[in-house]
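See structure below.
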Amino acid sequence: KAGVTQTPRYLIKTRGQQVTLSCSPISGHRSVSWYQQTPGQGLQFLFEYFSETQRNKGNFPGRFSGRQFSNSRSEMNVSTLELGDSALYLCASSLGTGFGHNEQFFGPGTRLTVL
Amino acid sequence: GNSVTQMEGPVTLSEEAFLTINCTYTATGYPSLFWYVQYPGEGLQLLLKATKADDKGSNKGFEATYRKETTSFHLEKGSVQVSDSAVYFCALPDSGGGADGLTFGKGTHLIIQP
């Protein structure tokens, strides 16, 4: 069974631009979560989508948004990029929602660099 | 929300040494606890988990016991290998209901020298 895939793997943008990252979950998984990983803040939860609905959102500004399609694939968008948005963005999928008892399977991440 | 504190390292050990990575948590109730591992250039992989007090999670020679008295979930391995070099994260659900994502420690960079 194929794992979680994320595209693109690397991305370079300039301040003020917007970016869209894509995540394809493991087949059959209906929950997709996104995390931002930076050296300073570590891993931080962005949001979770389940059955095309945003279930939860972390403490990030409205410039960060996402969506989920009927095939469970998910995209996240960051508008008006800032230097501080440079990070590794990780996607995780699981069979169901609820982080206490549904194992999260992570993709390799998209490395975003904002110049 | 819930939180976790772990030693950040880097931790450098020789092959076959004993490993302990400390993790303590603050939580409402008794959430599941996790250890994830991140190898260079890869995403996170679940290493082991424990779902209730006194549970011991184990995988690939690694072990961790859920201690509610000391609110700890320390990771141990009796004899490390070069291939264990990676970053290790302790994690738990952000809230008691398990609905608000996972909260991770800062990560411990482990370096095993031959």
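Its Cα gyration tensor gives chain B an equivalent ellipsoid, and the semi-axes of that ellipsoid, as √(5λ) in whole Å with the largest first, are 24, 14, 11.
The residues B:Lys52, A:Lys13, B:Lys77, when put in order of fewest to most other Cβ atoms within 10 Å, stand as B:Lys52, A:Lys13, B:Lys77. Under the simplified labelling scheme, the B:Thr26-B:Lys52 pair shows an inter-label distance of 2.7 nm, with each label point 7 Å from Cα along Cα→Cβ. One way to sum up the overall shape of the stretch A:1-44 is the equivalent ellipsoid from its Cα gyration tensor, whose semi-axes run 23, 15, 10 Å, largest first.
How charged is the neighbourhood of B:Ser79? Take every other residue with its Cβ under 15 Å from the Cβ of B:Ser79, and add Lys/Arg as +1 and Asp/Glu as -1. Please list the in-between numbers first.
Details: positive: B:Lys60, B:Lys77; negative: B:Glu15, B:Glu16, B:Glu63, B:Glu76, B:Asp84.
Taking every Cβ under 15 Å from that of B:Ser79, the sum is -3.
Principal axis extents of the Cα atoms in the stretch B:17-56, from largest to smallest and rounded to whole angstrom, are 35, 26, 17. Separation of the stretch A:1-56 from the stretch B:21-43 is 19 Å, based on Cα centroids.
Counted by neighbouring Cβ atoms within 10 Å, the residues A:Thr97, A:Thr113 run from fewest to most as A:Thr113, A:Thr97. Computed over chain A, the convex hull of the alpha-carbon atoms projects to a mean area of 6.6 nm².
Among the GluC sites (Glu not before Pro) within the stretch B:14-88, those in coil by DSSP and having at most 15 neighbouring Cβ atoms inside 10 Å are B:Glu15, B:Glu16, B:Glu42, B:Glu69. Residue by residue, the stretch A:64-72 carries 3J(HN,Hα) couplings of 9, 9, x, 7, 9, 9, 5, 8, 6 Hz when phi is fed to the Karplus relation 6.51 cos²θ - 1.76 cosθ + 1.60 (θ = phi - 60°); x denotes Gly or Pro. Each Cα pair under 8 Å and six or more residues apart adds its sequence gap; the mean of these over the residue count of the stretch A:1-66 is a relative contact order of 21 percent.
Only alpha carbons enter this Debye calculation for the protein assembly as shown, each as an equal point scatterer, and the log10 of I(q)/I(0) it gives at q = 0.14, 0.17 Å⁻¹ is -0.88, -1.23.
Bear in mind that the values in this text are calculations on the coordinates, not laboratory data. The structure displayed is predicted, hence computed values, not measured ones. Glycine also receives a Cβ, built like all others from the backbone with ideal geometry; neighbour counts cover every protein chain displayed.
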